[in-house]
1. Return only the number of the condition from (1) in contact with a helix residue (DSSP H, G or I) (Cβ under 7 Å, 6 or more places away or on another chain); (2) within 25 Å of Gly115 (Cβ to Cβ) that Glu135 does not satisfy.
2. State whether the residues of segment 30-53 include one that is over 13 Å from the mean Cα position of the chain (by Cα), modelled with pLDDT of 95 or more and farther than 24 Å from Arg171 by Cα.
3. Scan segment 128-148 for residues that are open to solvent by less than 90 Å² (accessible area, probe 1.4 Å), within 12 Å of Pro59 (Cα to Cα) and either of a type in the set (Gly, Ala, Ser) or in a loop (DSSP other than H, G, I, E, B) (or both) and jot them down.
4. Residues Lys107, Lys68: which one is among the basic types (Lys, Arg) and either open to solvent by 80 Å² or more (accessible area, probe 1.4 Å) or at pLDDT below 95 (or both)?
5. Here are the criteria: (1) among the basic types (Lys, Arg); (2) modelled with pLDDT of 95 or more; (3) in a helix (DSSP H, G or I). Tell me which single one Lys175 does not satisfy.
6. One residue is enough: does segment 130-141 have a residue meeting the conditions over 20 Å from the mean Cα position of the chain (by Cα), within 19 Å of Asp43 (Cα to Cα) and at pLDDT 95 or above?
7. Filter segment 149-167 down to the residues that are over 17 Å from Glu57 (Cβ atoms), touching a residue at least 24 places away in the same chain (Cβ under 8 Å) and touching a Ser or Thr at 6+ places or on another chain (Cβ under 9 Å), then identify the one that is least open to solvent (accessible area, probe 1.4 Å).
8. Against the definition (out of contact with any His (no Cβ under 9 Å at 6 or more places or on another chain) and not in a loop (DSSP other than H, G, I, E, B)), how does Lys109 come out, yes or no?
Amino acid sequence: THHTQRERPEHRRSRDLRADDSERAATDELAVLCPSRDEFDLDEGTHLVKYDTKDLEAPGSSVEWKRKYVVVGGIVTKPWMMNMFYRKRDYDIAVKEAHAGHKISVKVKQFDLRGARIILKGRDGKPNWVDYPSERKPWYYITILPRKGYPIKISSESLDELEPVYSAVRRFVRKDMEARQEYQMGRSSYNKNYGSRKGSGSDVRSSYNNYGGRKGSGSDVFGQRNDYFR
């Protein structure tokens, strides 16, 4: 007669614990391979943009704007970069390629926000606006003045649509400026106490480098903190 051997309770508990550990490890591995949206400082949206002229204000005609999918931060780029894709589908492809560790195959326009300033007409922190005869209502826009290159103008037909990208840029510009000021103050204090010498002050660069600080950049942005930083 065949007898079925019963599994002892302590053996069953041990097996269940091993199974739980294996499932937890698999879940952790998946989380590493596919990070959640919350792990990246990301804001995005479809906007009308203009970045190929020296003008700080909106173009004279609505047809001069280009429609792009604008992304600030995220897995595809560095936290100080702003990317513009032809469409959201291109961005989704870029995200998949970045997750897989592949080279980005879609066309993307990149802008470095380090040392940039936001230019607004008013002092209330609200975006600028332009009224085109061909449109039913005014368009709202912001102007970003990068350290190098032409001004970058980003617009939308409503404040709510523009707000996520505007807030992301404003947030980075504020942090970048604070880091640069901290770096300059630290370097000044070091030179005052110990004298200026080649290679000194490396310890005060840490917060500045956290925001992608680079040699010689951004010294002209100090003192430019206006009401749009409220």
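The values are calculated or read from the model by the stated rules, or taken from the named source; none is laboratory data. Quantities reported herein were computed from a predicted structural model and do not represent experimental measurements. Cβ atoms come from the backbone with ideal geometry, glycine included; neighbour counts cover every protein chain shown. We work out accessible area using only protein heavy atoms, side chains counted, and drop any ligands, DNA or RNA first. Shrake-Rupley method; radii C 1.70, N 1.55, O 1.52, S 1.80 Å.
1. (2) is the only condition that Glu135 fails.
2. yes
3. Listed by number, the list holds a single entry, Tyr132.
4. The unique qualifying residue is Lys107.
5. (2)
6. Checked segment 130-141: at least one residue is over 20 Å from the mean Cα position of the chain (by Cα), within 19 Å of Asp43 (Cα to Cα) and at pLDDT 95 or above.
7. So the residue we want is Val165.
8. Yes: the conditions hold for Lys109.
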